[in-house]
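The values are calculated or read from the model by the stated rules, or taken from the named source; none is laboratory data. Small disclaimer: the values here were computed from a predicted structure and weren't measured. Using ideal geometry, Cβ is built from the backbone for each residue, glycine included, and neighbour counts are taken over all protein chains shown.
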Amino acid sequence: MISQLLHETDGKAGIATITLNRPERRNALNRALVEELKESLTRAGEDERLRVVAVRGSGPDFCAGADLRELQEAVQAGPEASLEDAQALGDLFLLIRRLEKPVVALVHGRALAGGAGLATACDLVLAAADAQFGYPEVQLGFVPAMVMAILRRAVGEKRAFELITLGHSIDAETASRYGLVNRVFPAADFDRECEAFLADLGTRSASALALSKRLLYQIDGASFESAVRAGAQVNVIARLTEDCQEGVRRFLDRSSD
């Protein structure tokens with residue numbers, strides 16, 4: 001079967017780039033693509049040379065959402081097939097959250113429905129100024145159910161309710177104000193700016209990135225006291241890593257000069 005993904009690894013920079021490669025279908029998410037994406041993310045997570053994973057789309061768009069032809073086939077096959085299909089996408093979102101390395105969405109063109117969900121599920125989102133985001137499922141009588149837990153955390157209840165019930169598309173600057181996007185770059189400079197951002201992130205300690213990501217999501221929904229206690233435990237683990245001990249030595253050496 002022809003791969004629907006492109007996977008590039010820059011071991012020296014510590015960056016893996018995974019590209020959705022169905023431009024003729026605006027990179028719509030079918031079951032095969034979702035499974036390939038999970039496999040590619042898992043491989044990147046296991047590669048000790050890597051610190052950062054980037055996800056982007058080929059052609060004019062990041063991702064237009066679910067492949068509606070396949071979705072219709074699942075509906076016709078019955079509730080069990082639909083549940084299996086939905087859980088496959090949910091498993092992808094959970095994998096992104098559990099992966100120790102930061103996963104960064106590089107969004108150009110349109111990121112709609114499941115495509116917006118995929119971007120939202122990533123740890124960081126970089127967007128071209130002409131990018132469009134939207135959760136238009138309601139316009140089809142559908143619900144952006146798989147991304148709702150993440151969206152609610154990213155933008156808050158009121159904003160999430162507006163996005164999922166109106167289904168309007170928003171531009172990159174608006175998405176940034178809402179908290180969906182971390183950086184907006186001019187479209188003409190998008191690739192160069194993303195490369196610089198990823199390279200900068202890739203210089204960070206792999207152990208510190210992994211521990212930071214784990215703790216950030218671990219304390220979601222925890223009480224204040226529980227979150228502080230969890231932070232203390234991660235603090236101790238971080239102190240024992242080679243990266244931290246080396247970093248402290250470098251700082252002390254500079255201070256003594």
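Taken over the stretch 91-120, the residue count meeting the criterion of being over 19 Å from ASN27 (Cβ atoms) and either surrounded by 18 or more Cβ atoms within 10 Å (Cβ to Cβ) or among the β-branched types (Val, Ile, Thr) (or both) is 3. I need the full set of residues from the stretch 67-89 which are within 23 Å of the chain's Cα centre (by Cα) and more than 22 Å from ARG26 (Cβ to Cβ), in order please. If the condition is that a residue be within 23 Å of the chain's Cα centre (by Cα) and more than 22 Å from ARG26 (Cβ to Cβ), then LEU83, GLU84, GLN87 are the ones that fit.
Considering the stretch 182-225 alone, what residues qualify as being among the hydroxyl-bearing types (Ser, Thr, Tyr) and within 18 Å of the chain's Cα centre (by Cα)? It would help to see each step written out before you state the result.
Taking the stretch 182-225 first, the residues among the hydroxyl-bearing types (Ser, Thr, Tyr) are 203, 205, 207, 212, 217, 223.
Of everything in the stretch 182-225, those that are among the hydroxyl-bearing types (Ser, Thr, Tyr) and within 18 Å of the chain's Cα centre (by Cα) turn out to be SER212, TYR217.
The set of residues in the stretch 204-247 that are without any contact (Cβ under 8 Å) to a residue 24 or more places away in the chain and closer than 30 Å to VAL184 by Cβ comprises SER212, LEU215, LEU216, GLN218, ILE219, GLY221. Of everything listed in (1) basic (Lys, Arg); (2) touching a helix residue (DSSP H, G or I) at 6+ places or on another chain (Cβ under 8 Å); (3) surrounded by 11 or more Cβ atoms within 10 Å (Cβ to Cβ), the single unmet condition for ARG239 is (3). Quick one: would you say GLU137 is part of a helix (DSSP H, G or I), at pLDDT below 95 and either loosely packed, with under 14 Cβ neighbours inside 10 Å or among the charged types (D, E, K, R) (or both)? Judged against the criteria, GLU137 is a match. Here the stretch 121-131 is the region considered, the condition is being touching a Pro at 6+ places or on another chain (Cβ under 8 Å) and more than 21 Å from GLY45 (Cα to Cα), and the residue that is surrounded by the fewest Cβ atoms within 10 Å (Cβ to Cβ) is ALA129. The residue that is farthest from LEU99 (Cα to Cα), among those in the stretch 52-74 that are at pLDDT below 95 and either touching a helix residue (DSSP H, G or I) at 6+ places or on another chain (Cβ under 6 Å) or acidic (Asp, Glu) (or both), is GLU73.
Exactly one residue among GLY45, GLY14, GLY59, GLY78 is surrounded by fewer than 14 Cβ atoms within 10 Å (Cβ to Cβ) and either in the same structural domain as LEU198 (by TED's automatic domain parsing) or in contact with a Phe, Trp or Tyr (Cβ under 8 Å, 6 or more places away or on another chain) (or both), and that residue is GLY78.
Could you check the stretch 36-124 for helices (runs of 4 or more DSSP H) lying wholly inside it with 1 or more residues that are within 22 Å of LYS213 (Cβ to Cβ) and touching a strand residue (DSSP E or B) at 6+ places or on another chain (Cβ under 9 Å)? Talk me through it step by step, then tell me what you get.
Numbers: elements: 68-77, 79-98, 114-121.
Those helices (runs of 4 or more DSSP H) span 79-98, 114-121.
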